[in-house]
Amino acid sequence: SRILVTGANGFLGAHIVKEALDSGYLVRGTVRSQAKADDLKKVFPSDKFETAVVPDLITGDYTEALIDVTAVIHSASPFTMGLTDPKKDLLDPAIDGTTNILRAAYAAGVKRFVVTSTVGALPNKPESLFADTTYGPDDWLPVTYEQAASGTLPDFIVYITSKKYAELAAWDFAKEHPDVKVTAVNPTIIYGPVIHPISSLKSLNASNMAIYSLINGSKTIPPDSVPVFCDVVSAARIHVKALDSEPTYGKRVLFAKGPATMYQILQVIAKARPELADRFPPIPEVDPVAGKAISRIDSRIAMDTLGVKGLELEETVLQTVDNLLELEKKL
Ligand code: NDP
């Protein structure tokens with residue numbers, strides 16, 4: 001059967017396409033322009049993969065994109081910092097974009113949806129993911145839409161709030177349409193090799209940029225905003241495996257492999273890739289966040305029901321670093 005993947009040319013989206021093709025699905029992926037479609041087709045030359053151009057998440061017309069589609073993985077969502085307008089840049093495309101694709105697909109007869117949310121939609125204890133707690137599917141970020149739209153919050157908080165309300169939009173839709181089966185996938189920050197088309201490392205996706213900034217000579221350590229990680233192949237696999245897994249209907253599938261502070265990531269790189277030493281920022285003697293509790297994420301559905309255990313930190317970081325160095329040479 002054929003599935004539609006939105007944001008197919010994104011970091012995670014391209015891995016979802018790959019996992020779905022590897023699992024035998026026919027895949028159609030949406031992108032915003034014909035040029036992006038052409039670039040993505042080069043990554044997936046398979047005749048089981050096709051593209052559809054939908055220029056705008058909020059007003060986009062999915063009629064053609066949805067022909068012969070039985071399920072939708074909605075992964076497109078802006079994950080950008082440096083906002084000028086929180087509503088226009090993040091909140092509206094995330095939230096209204098979710099409602100738009102769900103409505104269009106439902107009208108076309110689609111009943112099965114997997115939507116990409118984030119662990120960021122969970123933290124409701126002080127200090128977010130630095131809380132001595134296990135976050136589970138009943139936890140929701142308390143930040144409100146109005147607060148996020150006000151222009152007074154840091155960009156990252158606006159981003160996770162956009163994801164929270166986008167996920168809620170999907171749950172509301174499912175409530176209104178009991179024949180619709182939604183699964184939300186809530187991965188923590190995702191690292192891993194880039195397979196999607198990028199023209200420059202300046203346009204590297206936000207999460208991998210944290211790792212790249214440790215080795216690109218900028219000599220700064222990014223803030224520890226998300227101290228738990230997962231790898232991109234596992235995150236993508238969860239989306240695809242969930243498609244035909246009834247126990248995930250109506251569920252939030254949380255996923256994190258374990259802690260990953262910037263200091264720990266730098267340690268992994270320093271140990272295994274000492275030849276990069278002149279690019280590293282000064283390595284602190286101890287982890288600046290040592291001693292702070294790091295939250296656990298209840299990943300049982302992903303790990304036990306879907307059997308996706310996730311790669312360890314060392315493998316994830318080194319795969320990412322080696323891939324970024326390759327890209328440096330190519331671009
Ligand atoms: P990318 O920026 O690499 O990909 C985002 C995708 O969404 C791209 O295909 C992009 O298209 C599309 N998109 C963004 N904004 C719009 C818009 N306004 N209209 C239409 N399409 C748009 O990010 P990721 O791969 O990291 O993110 C993919 C999903 O995973 C998102 O839903 C994100 O919230 C979620 N996520 C990511 C995590 C991470 O650490 N990376 C962690 C948890 C969740 P274009 O290329 O044209 O901009």
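The table below lists the values:
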{"read-out": "Residue within region 256-268 that is within 16 Å of the ligand (Cβ to nearest atom) and charged (D, E, K, R) present", "value": "yes"}
{"read-out": "Test: Ala76 is in a helix (DSSP H, G or I), modelled with pLDDT of 95 or more and either touching a Leu at 6+ places or on another chain (Cβ under 7 Å) or within 16 Å of the ligand (Cβ to nearest atom) (or both)", "value": "no"}
{"read-out": "Options Leu83, Leu26, Leu57; residue that is aliphatic (A, V, I, L, M) and within 20 Å of Val240 (Cα to Cα)", "value": "Leu26"}
{"read-out": "Residue within region 112-132 that is of a type in the set (A, V, I, L, M, F, W, C) and in a helix (DSSP H, G or I) present", "value": "yes"}
{"read-out": "Inter-residue pairs, beta-carbon under 9 Å, first touching a residue at least 24 places away in the same chain (Cβ under 8 Å) and more than 19 Å from Ile101 (Cα to Cα) and in region 7-26, second of a type in the set (Lys, Arg) and within 16 Å of the ligand (Cβ to nearest atom), 6+ apart", "value": "His15/Arg237; Glu19/Arg237; Ser23/Arg237"}
{"read-out": "Residue identified as away from the ligand (no atom under 13 Å from the Cβ) and of a type in the set (A, V, I, L, M) among Val53, Val114, Val143, Val119", "value": "Val143"}
{"read-out": "Members of region 21-35 found to be within 14 Å of the ligand (Cβ to nearest atom) and in a loop (DSSP other than H, G, I, E, B), listed by number", "value": "Arg32, Ser33"}
{"read-out": "Answer from Thr161, Thr188 - the residue that is more than 11 Å from the ligand (Cβ to nearest atom) and surrounded by 22 or more Cβ atoms within 10 Å (Cβ to Cβ)", "value": "Thr161"}
{"read-out": "Single unsatisfied condition, Leu311 versus (1) surrounded by 13 or more Cβ atoms within 10 Å (Cβ to Cβ); (2) hydrophobic (A, V, I, L, M, F, W, C); (3) farther than 18 Å from Val232 by Cα", "value": "(3)"}
{"read-out": "Only listed residue being in contact (Cβ under 8 Å) with a residue 24 or more places away in the chain and assigned to a loop (DSSP other than H, G, I, E, B), chosen from Gly250, Gly291", "value": "Gly250"}
{"read-out": "Tally of residues being touching a Pro at 6+ places or on another chain (Cβ under 8 Å), surrounded by fewer than 23 Cβ atoms within 10 Å (Cβ to Cβ) and small (Gly, Ala, Ser) across region 82-132", "value": "1"}
{"read-out": "Test result for Thr98, of a type in the set (Ser, Thr, Tyr) and more than 21 Å from the chain's Cα centre (by Cα)", "value": "no"}
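A quick yes/no check of all residues on (1) charged (D, E, K, R); (2) under 21 Å from Lys329 (Cβ atoms); (3) free of Cβ contacts under 8 Å to residues at least 40 places away in the same chain:
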site: Val180; (1), (2), (3): no, no, no
site: Lys202; (1), (2), (3): yes, yes, yes
site: Met209; (1), (2), (3): no, yes, yes
site: Val228; (1), (2), (3): no, no, no
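The values are calculated or read from the model by the stated rules, or taken from the named source; none is laboratory data. Just so it is clear, the structure is predicted and the values come from calculations on it, not from any experiment. Cβ coordinates were reconstructed from backbone atoms using ideal geometry, including for glycine residues, and neighbour counts include every protein chain displayed.
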